[in-house]
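Read the figures in this text as sums done on the coordinates, not as results from a lab. A quick note: this is a predicted structure, and the numbers were derived from the prediction, not measured. Cβ placement follows ideal geometry from the backbone for every residue including glycine, while neighbour counts extend to all protein chains displayed.
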Amino acid sequence: MTRPPTAAQRRVIDAADPVTGRLRGTESQLAALVKRGLAFRHPRPPHDHFLTPAGHRIREEGAAEAEVASVPAAEDAASRAPAGTGVFAARIGGEESVDAGPGRIREVHSAWQGLLELRRMTNPDGAVDRPCGWERTHLVQAAALALEAAGHRPATADADGYRVRATPQPEAVAVHVPDAESRQGCAATLEKAGWQVGEYTEPRTRARYLLASPRRV
């Protein structure tokens, strides 16, 4: 079994940018993470270091563990609430309420710009017009971020909007939107963000929905 990261290495991993995975640390710390397969050094200047998928998993698992540890077991209501991870999360639709204030708008904009930078740094040709590897392993979050960054409203307990859900199909998410005009808007946004989108009918309910997959070329 691979040895867990040292305390110093964990601090570097935990401090990584939550969207791009960009790292800050000493040369020896970064080199050690690269050697263990938890980070990679980008070949193009300025040769920044980024978390690999394995590094991202360690960061997310550590954040989730810290969140769970901070909640007293006696607080049943809190323990039943959705657990946060401390990592930015796009609204996938279905949340109890949605913060649409200036702070959230800035946070979403920053996350989207970070994702575009991640595309530039990790796509082999530096392309920013199609999804990168991180998006292909976080399909629901990636599609939801594209929608939220473009100004589409997620569904809440008391308002209609989009709902992004996983599907049994590999590399595909379903986007449920209540009306045709909104579906067309969501489809246009996802296509502009580098996704292939089709509209289908759910056989049982006859409801229309979008099926979106990250474009490869």
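Worth a mention:
- Subset tally (residues that are outside any loop (DSSP other than H, G, I, E, B) and exposed (fewer than 13 other Cβ atoms within 10 Å of the Cβ)) for segment 9-52: 4
- Counted residues, segment 208-217 - those being surrounded by 12 or more Cβ atoms within 10 Å (Cβ to Cβ) and either at positive phi or part of a loop (DSSP other than H, G, I, E, B) (or both): 1
- Pairs linking a residue in segment 24-51 that is touching a residue at least 60 places away in the same chain (Cβ under 8 Å) and among the charged types (D, E, K, R) to a residue that is surrounded by 12 or more Cβ atoms within 10 Å (Cβ to Cβ) and not in a loop (DSSP other than H, G, I, E, B), with Cβ atoms under 7 Å and 6 or more positions apart or on different chains, are ASP48/ARG22.
- Residue in segment 131-139 that is of a type in the set (D, E, K, R) and under 27 Å from ARG208 (Cα atoms) present: yes
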